[in-house]
1. M98 is checked against (1) of a type in the set (A, V, I, L, M); (2) surrounded by fewer than 22 Cβ atoms within 10 Å (Cβ to Cβ); (3) within 17 Å of S140 (Cβ to Cβ) and fails just one. What number does that condition carry?
2. Of the numbered conditions (1) surrounded by 14 or more Cβ atoms within 10 Å (Cβ to Cβ); (2) at pLDDT 95 or above; (3) under 27 Å from H21 (Cα atoms), A112 fails exactly one; give the number of that condition.
3. Quickly run through the stretch 107-139 and pick out the residues that are within 20 Å of T62 (Cα to Cα) and of a type in the set (F, W, Y).
4. Yes or no: E96 touching a residue at least 12 places away in the same chain (Cβ under 8 Å) and touching a Lys or Arg at 6+ places or on another chain (Cβ under 9 Å)?
5. Taking the conditions exactly as written (touching a residue at least 60 places away in the same chain (Cβ under 8 Å), over 21 Å from M165 (Cα atoms) and not basic (K, R)), does V66 satisfy them or not?
6. Would you mind finding the one in A11, A89, A68, A83 that is assigned to a helix (DSSP H, G or I) and either in contact with a His (Cβ under 6 Å, 6 or more places away or on another chain) or more than 25 Å from A151 (Cβ to Cβ) (or both)?
7. Any idea how many residues of the stretch 47-65 are closer than 24 Å to E10 by Cβ and part of a loop (DSSP other than H, G, I, E, B)?
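The values are calculated or read from the model by the stated rules, or taken from the named source; none is laboratory data. Here the structure is a predicted model, which means the values were calculated and not measured. FYI the Cβ positions are ideal-geometry reconstructions off the backbone, even for glycines, and counts take in every protein chain you see.
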Amino acid sequence: MRRAAFVYEEAQSRHVLRKDHVFQPNRLQLTYELLQCYGAFDDSLLVTPKMAEETDLLSFHTADYVEAVKSLSRGEERGDAAAFNFSAAGDNPPYEGMYEVSAMAVGASLLAAGLVARDEVDVAFNISGGLHHAAPGYASGFCVFNDAVIAILSLVKQGLRIAYMDIDAHHSD
């Protein structure tokens, strides 16, 4: 039987981007509960993630961008928010706790990648991950930090070769 890990923490699903926003994080909790009802975790390792360190975030994102995310997350007004692709009415609205939630998603992907790389499990699933549209210096497509790239960079740093395929509706970004 394959060894599997499921990386999740309820705090990952408590934030709200905007009531009318298409991306509703409570779907993470609902998915977790559904999988639990189906017994998907009976033979799996349930793992709680930690927030990624700022050095992890800076392996891909610019320091100016990470600082902008932090200040917007604290509710501070920034005249340059649009330069980082944040706007209240857009795809990437700033919200309280945005830095922490987004860094947790990166931490979860780093944990999942590390578990597989160390051969502790055969497969690992970060339900809050796959936020691959964020660029080094701006948010995009509901994504604040690019957990996929940061996890891949951590694996490459270990000397591993990685193949990544983006097959969603707006691929190659």
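1. (2)
2. Exception for A112: condition (3).
3. Listed by number, the list holds a single entry, Y138.
4. On the way: touching a residue at least 12 places away in the same chain (Cβ under 8 Å): yes; touching a Lys or Arg at 6+ places or on another chain (Cβ under 9 Å): yes.
In short, yes.
5. Values: touching a residue at least 60 places away in the same chain (Cβ under 8 Å): no; over 21 Å from M165 (Cα atoms): yes; not basic (K, R): yes.
Considered against the rule, which asks whether it is touching a residue at least 60 places away in the same chain (Cβ under 8 Å), over 21 Å from M165 (Cα atoms) and not basic (K, R), V66 comes out as no.
6. Values: A11 fails: either in contact with a His (Cβ under 6 Å, 6 or more places away or on another chain) or more than 25 Å from A151 (Cβ to Cβ) (or both); A89 fails: assigned to a helix (DSSP H, G or I); A68 fails: either in contact with a His (Cβ under 6 Å, 6 or more places away or on another chain) or more than 25 Å from A151 (Cβ to Cβ) (or both).
So the residue among A11, A89, A68, A83 that is assigned to a helix (DSSP H, G or I) and either in contact with a His (Cβ under 6 Å, 6 or more places away or on another chain) or more than 25 Å from A151 (Cβ to Cβ) (or both) is A83.
7. The initial filter retains those residues of the stretch 47-65 that are closer than 24 Å to E10 by Cβ, namely 47-54, 56-57.
Then drop every residue that is not part of a loop (DSSP other than H, G, I, E, B), which leaves 48-53.
Result for the stretch 47-65: 6.
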